[in-house]
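Note sheet for the following structure.
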Amino acid sequence: MLRNFTVLILVLFIASINGYAQKNDNKLQDEAVIRAGVKQMETGWNAKSGAEFAKLFAEDSDYVVINGFHIKGRAANAAVHQQIFDTIFKNTNLTLVVEQIRFLRTDVAVVHVFGTRRPTRESDSALIGDARITMTMVKNDGKWEIAAFQNTAIQPQGGK
């Protein structure tokens, strides 16, 4: 009887370790997919493609721009970005760095990203800007998408 109980405890222990490892592997895979999606946005910006930039956004996403303007939906997001890529931001590059991914549930994550926009020409120094981005991402049918995006300008410190 004691031997059967010991075997049962051992089996339960091994099962719990296996379950934890599998959950951790899924989390690492999801983090990698989210990071790749953020990289896709950066690539879209630098290629000046509104469609590529907006690809990660859900069809019905909400995007609050750095100036407070609210863009509703992926198609509008792509169109607005294409317009700024063709005009004011055509001579800029963007770097996005994921600072934190926090899973609220296995299918919902809050992602904080640091963004740096720099001009490609010295004469466009007014286009320099840093931002902190907060994204709420959801996993729909196995695909991570941005449901909500808030872009906040970081003011230069020390009078710079």
Worksheet, complete the sentence: Rounded to the nearest 0.05, FRET efficiency between Asp141 and Gln29 (Cβ-Cβ, R0 22 Å) equals 0.90
Worksheet item: Residues with amide H under 5 Å of Asp62's amide H, sequence separation 5 or more or different chain, H placed in the peptide plane at 1.01 Å from N; which?
Response: Gly73, Ala148, Phe149
Practice prompt. With label points built 7 Å along Cα→Cβ from the Cα atoms of Lys72 and Arg102, find their separation and express it in nm.
Written response: 2.9 nm
Response to the item:
The exposure ranking of Thr87, Thr120, fewest beta-carbon neighbours within 10 Å first, is Thr87, Thr120
Worksheet item: Computed FRET efficiency, Cβ-Cβ of Lys90 and Gln40, R0 25 Å: what is it to the nearest 0.05?
Response: 0.80
Discussion item. Can you compute 3J(HN,Hα) from phi for each residue in segment 53-62, using the Karplus curve 6.51 cos²θ - 1.76 cosθ + 1.60 with θ = phi - 60°, rounded to whole Hz and x for Gly and Pro?
Written reply: 4, 8, 4, 6, 7, 5, 3, 10, 5, 10
Worksheet entry | Tail weight of P(r) past 20 Å, computed on alpha-carbon pairs of segment 37-142, percent | 39 percent
Worksheet item: In straight Cα distance, which lysines are under 17 Å from Lys27, not counting same-chain residues fewer than 8 positions off?
Response: Lys139, Lys143
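We did not get these values from a lab; they are worked out from the coordinates using the rules stated. Because the structure is predicted, anything quoted here is derived from the model rather than measured. All Cβ positions, glycine included, derive from the backbone under ideal geometry; neighbour counts span all protein chains shown.
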